[in-house]
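In what follows, a single structure is set out as structure tokens and then discussed.
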């Protein structure tokens, strides 16, 4: 069930100069990284310079479907700024449509076989949509559930060349069908709606992800962020109860007496699998511990005030909150190109909106690197834009 919510319109606030910003992103970076000892005390500073990765996936299309007009996608591979570790891109996102419906899907892989897992999932999505969408017209949520479980069973199939013991993927899938939005998710990739009006029930409780380090701008006039999917973390009460019932342990990693990182799922030994999510595709070692592949599904009827849907991996959500994502997209989407090839110089006037948001996320990762000396995560974005009805 959603959270009952009276009709509300976008906040009327003065933009913090975002409308005057010419979003422009470099192809390389120079950073000062703080060096710290095991207690977290700074012991020095190191300087590094590195080139940013080029898009792994990049495409956009104008659409003639009911309700929607344009879709774009971009995947920016992650990078180790120090160049000490080879980082394979483990994100994939795609869209597929017929004359009436459009399906958006995004997978964020993990583990040694993560890139194989997401490749299988992308293949399953395309074939499952083409072969089965007509059979689920009256039950689109069942379609999404069966699609996610089909991805999981294909990943775990013996003899497919994938060891899914400790490898898997998140999933977020959105279907726009019959004047409604249907969403399903596994893990912590997320779908978000930018709209001018919310009425009735929210698909999931309002996200409590507003953090100062993820937020730069106040909401602009007439845009409201509505989260369509629920992040599935092990510490969530419902997820926690299921995992404990199946013999799992939920804890954070202990580093010399200091609790670090997110809560994770472990077996009784406390060593494996260390999953930072409670539902996923693959991850066979977590199946007996209550880590399931059945997604949480939601739905929301269209009211002709929708502006766009964005799907993104945690490479975005770890550094930008919901409010800033919708503010950024709303401000720049009409300034971006409808179709193009990956540009040499990335700015609003030279690229698609999915690429622009991904680049904004990547720039925000630089602050984290300077403080924590980590790698930049893979960053995936799909943006679907709706017809505007005045």
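The values are calculated or read from the model by the stated rules, or taken from the named source; none is laboratory data. Just so you know, these numbers come straight off a predicted model, no measurement behind them. As a convention, Cβ positions derive from the backbone with ideal geometry for all residues, glycine included, and neighbour counts pool all protein chains shown.
A few remarks follow.
- Residues within segment 345-390 that are over 18 Å from the mean Cα position of the chain (by Cα) and not in a loop (DSSP other than H, G, I, E, B), tallied: 10
- Yes/no for residue 168 being crowded, with 21+ Cβ neighbours inside 10 Å, farther than 23 Å from residue 97 by Cα and in the same structural domain as residue 92 (by TED's automatic domain parsing): yes
- Scanning segment 58-90 for residues that are part of a strand (DSSP E or B) and under 15 Å from residue 315 (Cα atoms) turns up 73, 74, 75, 76, 79.
- Answer from 383, 319, 374, 326 - the residue that is within 24 Å of residue 187 (Cα to Cα) and without any contact (Cβ under 8 Å) to a residue 24 or more places away in the chain: 374
- Residue match in segment 239-259 (condition: within 30 Å of residue 303 (Cα to Cα) and touching a helix residue (DSSP H, G or I) at 6+ places or on another chain (Cβ under 8 Å)): no
- Among the conditions (1) under 30 Å from residue 293 (Cα atoms); (2) without any contact (Cβ under 8 Å) to a residue 40 or more places away in the chain; (3) touching a strand residue (DSSP E or B) at 6+ places or on another chain (Cβ under 8 Å), residue 98 misses just one, which is (3).
- Index of the failed condition, residue 131 passing every other in (1) in contact with a helix residue (DSSP H, G or I) (Cβ under 9 Å, 6 or more places away or on another chain); (2) part of a helix (DSSP H, G or I); (3) over 15 Å from residue 281 (Cα atoms): (1)
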